[in-house]
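**Q** Structure provided below as C-alpha cells; questions to follow.
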Amino acid sequence: MDHDGWFDRKENTFRKLVDLSFVTAMGPPGGGRNPITPRYMRHFSLIAYTPFDDSSMQRIFQSIFEWWFRKEQFGPEYLRLAAPIVAATMDSYKASMANLLPTPSKSHYTFNLRDFARVVQGMLLSCVDDFESPREMILLWTHELSRVFYDRLVDSDDRSWFLDNLKELTVKHFEQPMEALFKDFGMNCADEVSDDDVRYLLYCNFATTKVSAGPPARQGI
C-alpha cells in the first residue's frame, strides 16, 4: 500500500496496482483478533459506531414486536409479552457474549446484533392463527433462541450452560418454569428439560402445503 504494488521475486518485476481501492472491516481485538498498527491504519478513513445501549435495543425491538402484534391482530395478552421477550433475548445475548468466548477450536463463537435480530425475525414469521395461548408464544421464543444460539454450540458444557441460562430466563421474565411449558404441549415427559427436549422442539414453515400470498408461517411440529 505504501508503494502502490509489490516486487515479484519469481519474475523479478514490480507489479504495480492501478485504480484499486481497499475496503476493510474489523472488530475489537480479542477472541483471535489482533490489534493493527497506527502505521497501517493511517491509510484508511475510519468509520466506527458505538454499540447500542440496553434501553435503545429494548425500544427498537419492542417497537417492532408491538407493531407486529397489532398488525397480526393479536390480543392484549400477547401484546404484554413484547417487553419481556426483548428483555429476555437481550439477557441471553449478553450472557452468551460474556460466557461463550471464541477459542481456536470454537472460532465461530462470535455473537453480534445480527443474532439478536434473527431471534426476532424468526418469531415474526408466525401468525395469530398459530397460537392458542400466550404460553405458546413463549415456547416459540425458546425455539428461536435455541436455533440461533444453542445449535451453534459444539461443547456439552456450553450447551448445558446455555440450557440452564434459558431456564432462568423463562422464570425471570415470563414467570413460567421451562419444564411446565414443555409438559403443557407434550414435548417433555421427564422432570427436567434436557438437550434432547430442546432438539425436539421445532417450528418450521415447510410442514404445511397451504399456499398463501404472504410469507410462510412458523408452525410447531
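The values are calculated or read from the model by the stated rules, or taken from the named source; none is laboratory data. Model, not experiment: these values are computed from the prediction. Note that each Cβ is placed from the backbone with ideal geometry, even for glycine, and that neighbours are counted across all protein chains shown. All accessible areas refer to the heavy atoms of the entire protein, side chains included, with ligands and DNA or RNA removed. Shrake-Rupley method; radii C 1.70, N 1.55, O 1.52, S 1.80 Å.
**Q** Set Lys and Arg Cβ to +1 and Asp and Glu Cβ to -1, take the dipole of the chain about its Cα centre, and tell me which of Phe7, Tyr93, Thr110 lies farthest positive.
**A** Of Phe7, Tyr93, Thr110, it is Phe7.
**Q** Still on this structure: Would you tell me the accessible area of Thr37, worked out with a 1.4 angstrom probe on the heavy atoms of the protein chains, in Å² to the nearest 10?
**A** About 80 Å², rounded to the nearest 10.
**Q** Next question, about the same structure. Identify all lysines with a Cα-Cα distance to Lys172 below 18 Å; exclude those on the same chain that are fewer than 8 residues away in sequence.
**A** Lys94
**Q** Let me ask you something else. Given labels modelled 7 Å from the Cα in the Cβ direction, how far is it in nm from Asn12 to Leu101?
**A** Here the answer is 5.2 nm between the modelled labels.
**Q** If you take Rg/Rh (Cα atoms, Kirkwood Rh) from the coordinates, which of (i) 1.01; (ii) 1.11; (iii) 1.25 do you get?
**A** (ii)
**Q** At a 10 angstrom cut-off on C-beta neighbours, averaged per residue, how do the peptides 138-147, 64-73, 41-50 rank from highest to lowest?
**A** 138-147, 64-73, 41-50
**Q** Which of rounded, prolate or oblate describes the stretch 17-141 when judged by the alpha-carbon gyration tensor and an a/c cut-off of 1.5?
**A** prolate
**Q** Let me ask something else. Hey, can you grab everything whose amide H is under 5 Å from the amide H of Gly5? Only 5+ residues off in sequence or another chain; H modelled, so Pro and N-termini drop out.
**A** Answer set, sorted by chain and number: Leu17.
**Q** What net charge is computed for the residues neighbouring Tyr109, neighbours being all others with C-beta under 15 Å from the C-beta of Tyr109, Lys and Arg scored +1, Asp and Glu -1?
**A** +1
**Q** To the nearest 10 degrees, how steeply does helix 156-174 sit against the main Cα axis of the chain, on a 0 to 90 scale?
**A** It is inclined by approximately 50 degrees.
**Q** If you don't mind, there's one more thing I want to ask. Using packing as a proxy for protection, rank 81-87, 156-162 so that the peptide with the highest average count of other Cβ atoms within 10 Å comes first.
**A** Top to bottom by mean Cβ count within 10 Å: 81-87, 156-162.
**Q** Quick one: angle between helix 134-148 and the longest Cα principal axis of the chain, in degrees between 0 and 90, rounded to 10, please.
**A** Between the helix axis and the principal axis of the chain, the angle is about 30 degrees.
**Q** Could you state the angle between the C-alpha long axis of helix 54-71 and the longest principal axis of the C-alpha atoms of the chain, as a value from 0 to 90 degrees rounded to the nearest 10?
**A** Approximately 50 degrees, to the nearest 10.
**Q** Further question: Compute, for the chain, the length of the dipole vector about the Cα centre, with Cβ point charges of +1 (Lys, Arg) and -1 (Asp, Glu) only. Units Debye, rounded to 20.
**A** The dipole magnitude comes to about 1080 debye.
**Q** Net charge near Tyr150, counting Lys/Arg +1 and Asp/Glu -1 over other residues with Cβ under 11 Å of its Cβ?
**A** Counting the neighbours of Tyr150, the net charge comes to 0.
**Q** First select every other residue whose beta carbon is under 13 angstrom from the beta carbon of Lys183; then total the charges, Lys and Arg +1, Asp and Glu -1.
**A** -4
**Q** Would you rank Lys106, Lys16 by solvent-accessible area, highest first, keeping every protein chain in place and using a 1.4 Å probe?
**A** Lys16, Lys106
**Q** Give me a comma-separated list of calculated 3J(HN,Hα) values for the stretch 116-124, in order, Karplus coefficients 6.51, -1.76, 1.60 applied at θ = phi - 60°, integers in Hz, x for any Gly or Pro.
**A** Along the stretch 116-124, the couplings run 4, 5, 5, 4, 5, 4, x, 5, 6 Hz.
**Q** Roughly speaking, what is the stretch gain from Arg33 to Glu192, that is 0.36 nm per residue apart minus the C-alpha to C-alpha distance, in nm to one decimal?
**A** Fully extending the segment from Arg33 to Glu192 adds 53.4 nm.
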